[in-house]
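Below is one structure, written out as C-alpha cells, with a few remarks after it.
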Amino acid sequence: MAKRLGKRKVDSECRVFNQKWTSDYFFVQCKEVAVCLICQETVSVFKKYNLRRHYETRHRENYASLQGQMRADKVLKLKSVLSAQQNTFVRQTQLNQSSVRASFQVAKLIATNGRPFSDGEFVKKCMNAVAEEVCPDKKDVLNAVSLSASTVTRRIEEMGDNVYAQLQEKVKEFEFFALALDESNDVQDTAQLLIFLRGVNSNFEVSEELAALQSLKGTTTGEDIFGKVCQTMGELGLDWSKLASITTDGAPSMVGASRGLIGRMNKEMEERGLTPLLQVHCLIHQQALCCKVLKWESVMKVVVSCINFIRANGLKHRQFQAFLAELESAHGDVLYHTEVRWLSRGRVLRRFYELLPEINTFLLTKGKTVPELIDAEWKWDLAFLTDVTEMLNGLNLQLQGKGKLICDMICDMYSHIKAFEVKIALLVGQVQKQDFTHLPVTKSLSAEKPVAPFPAEKSVEALEKLKAEFDVRFRELHVHAKEIRLFQNPFAANIDKAPPSYQFELAELQNCDILKDTFKPNGLIEFYASLPNETYPNIKRQAMKMSTLFGSTT
C-alpha cells in the first residue's frame, strides 16, 4: 500500500515572486506578500494562478487594452502612488515617535528643575509662539507634542519606574554597597527620610542613586527609621551580607547605640551572623558642629542687631542702600545672617567688617548709637572671628562636592581635616607672638594701630577650643586612618603594621614594577580594577568596600 503523503505546506515550497508578474498582472512584492498596484489588495502566496485570477476577475476589463509602453508607463505611475502612500505611513509613525520623545524630554526638564507639572502647557504655548514667527510650517508638528499636566505626570512616573527597574537589576551585580541617610522636615513639617545607595560590582563600576524618599508621618524614632530602611532594602532586593557601611547626619535617633538606627542595624547584623557595620558621621556636618564652639556672642549679637535694624524696615533699608551708592562703596548692602546656612556667618562678618565705617555713620544719622562699633577691643574680636570663620568656610567648601567617591571624599577629607588641624596648631603659636601672617583681616586692623592691645589670651583660648573640638569630632576618622592610607596608596603602606590578611599581597604588590608604573593616586578605582583577582583577592575586596563608603550625607 502506497504511503500516504502529509498535507502540503505552502511555507515549505519556498515560492519566489516573478518580476514578470508586475507587467502581466500589476502586482509587486512588498515584504512577504504580493500587492496589487491597482486596488492595493494583497495575495499571501506567490503563485501565478492566484495573481492571474485576481487580475482577470477584477481588472482585466479596464487594463487589457494597455499594451507595450503604455502598460509600462501605467505600472510606473501606480508604483509611485503606492510608494507615496507607504512613505506617508512611515513619516506619520516617525512623527508620532518624535513627538513622544520630545514630550519625555520636556517632562524630564520639568522634573529635574523642580517645576510644577502644569508648566508643560505653558512650554507648549511658548513653542507655538516661536513656531508662528520662525517656522509657521512646523506649527502642526509642535502641536502634536502632548504636554498637558496629566501627560507630564504620566511621563515622569514612567521615567521614575524605569529608573527604579534599572536600579533593581543593577543591585543584583553589587559585591558591596553602602547607605547614606538624612532626615529633615519639608514645608508642611512632614519628616522626609532620604536614603542614598552606592554600590560596586566585580568590575569596580560604582553606581550611586537615591534609593528612596520615605515619609515619616508620625514619630521619627530610630525604630521608625529602621523600619523604612528595611522596607527599602527589601523592595530593592539588597543583600544584608553585602552592606559595608552606613553614613548618617548624627541625630540621636540615628546614632543611638541601643534604640537608634545604628544600634538596630548592628543588632540585625548580629542576628544574621554578620560583622558590625562601619558607621560614619557626616564629616561636613561634624565640621559645622565644630564651628559652634566659636560662638563669641559679644560679637555676633552686635552684628546681627545692627543688620536687623537696617534691613527690618523697608525705608531704612532703601536709605542705607542709597547711602552706600552715594559713597561709591564696594558693596551695595549688608547680608542677613542665617544660622542653618553653614557658610552664612563668614560671609556676613566679612561684609560687616568691610562696611563698618559706613554702618556706624548711617546708624548715627538714625539716632542709634552702638558703642561697640568704635571700641578698639571689640574690633579686634570682630577681625579675628572673621578670619577664623573664613578659614572654616574654606574647609567646608573643600569637603563638599557631588559625586565624590571614597577615594576622593574620605581620602581628600581626611587630608583636608588633618591639614586644618595642623593650621590651627600653627596659628596658636603665631597668635601668641601676635604674628598675623595668615589672618588677613586681623593683620589689616593691626596696621591701623588700634588704641587697645590685641587680646592674645582670648584668641589663643578660642583656637585651642576649636582644635580640641576637632580632635573629639573626628576621632572615628583617625581610628580608620590606616585603612584610608592603605587604600589611598598601597605602595606606601607599612607591611609590618598592615592586617595579616593583606601582608603577603602587599609584599607582592609593592615589589611589582609594572603595577608601580600604572599606579595613579587620582585613578584608584581603575588601578584596583586592574589587579589580578587570583593574586590580590583580599586587597581587591577591601578596595571594593572602601569605594562604596559615603563621607557625607550632604
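The values are calculated or read from the model by the stated rules, or taken from the named source; none is laboratory data. The shown structure was predicted, so the numbers you read here are calculated from the model rather than taken from an experiment. Cβ: placed from backbone, ideal geometry, glycine included. Neighbour counts: every protein chain shown. For accessibility, only protein heavy atoms count, side chains too; no ligands or nucleic acids. Shrake-Rupley method; radii C 1.70, N 1.55, O 1.52, S 1.80 Å.
A few remarks follow.
- Legend: Rg and Dmax of region 218-376, from Cα coordinates, 24.8, 73 Å.
- For region 432-509, trypsin sites (Lys or Arg not before Pro) meeting the loop criterion (DSSP other than H, G, I, E, B) and having at most 14 other Cβ atoms within 10 Å: K433, K497.
- Compared with the dominant principal axis of the Cα atoms in the chain, helix 406-432 is inclined by about 20°.
- Per residue, the solvent-accessible area of the chain (1.4 Å probe, heavy atoms of protein chains only, all protein chains present) comes to 57 Å².
- Between V422 and S99, the C-beta separation translates, for a Förster distance of 51 Å, into a calculated FRET efficiency of about 0.25.
- Of all lysines in the structure, those lying under 22 Å Cα to Cα from K125, and not within fewer than 8 positions of it along the same chain, are K108, K138, K139.
- Values of log10 I(q)/I(0), in the order q = 0.11 Å⁻¹, for region 22-159 under a Debye, Cα-only, solvent-free model: -0.62
- Computed on the Cα trace of region 82-238, the radius of gyration divided by the Kirkwood hydrodynamic radius gives Rg/Rh = 1.13.
- Counted by Cβ distance under 14 Å from P276, the other residues give a net charge of 0, where Lys and Arg count +1 and Asp and Glu count -1.
- Cross-link table K433/K467; K301/K418; K366/K458, entries beyond 28 Å C-alpha to C-alpha: K301/K418; K366/K458
- Applying 0.36 nm per residue to the separation of A72 and S305 and subtracting their alpha-carbon distance, the gain on full extension is 74.2 nm.
- Antiparallel bridge percentage (DSSP; both residues within the chain; nearest 5): 75
- Coordinate range along principal axes, alpha carbons of the chain, Å, largest first: 121, 71, 53
- Between helix 537-548 and the chain: long-axis angle, C-alpha atoms, 0 to 90°, nearest 10: 80
- Counting protein heavy atoms only, the chain has 52 percent of its accessible area on carbon and sulfur, 1.4 angstrom probe.
- Helix 297-311 axis versus longest C-alpha principal axis of the chain: approximately 60°, rounded to the nearest ten.
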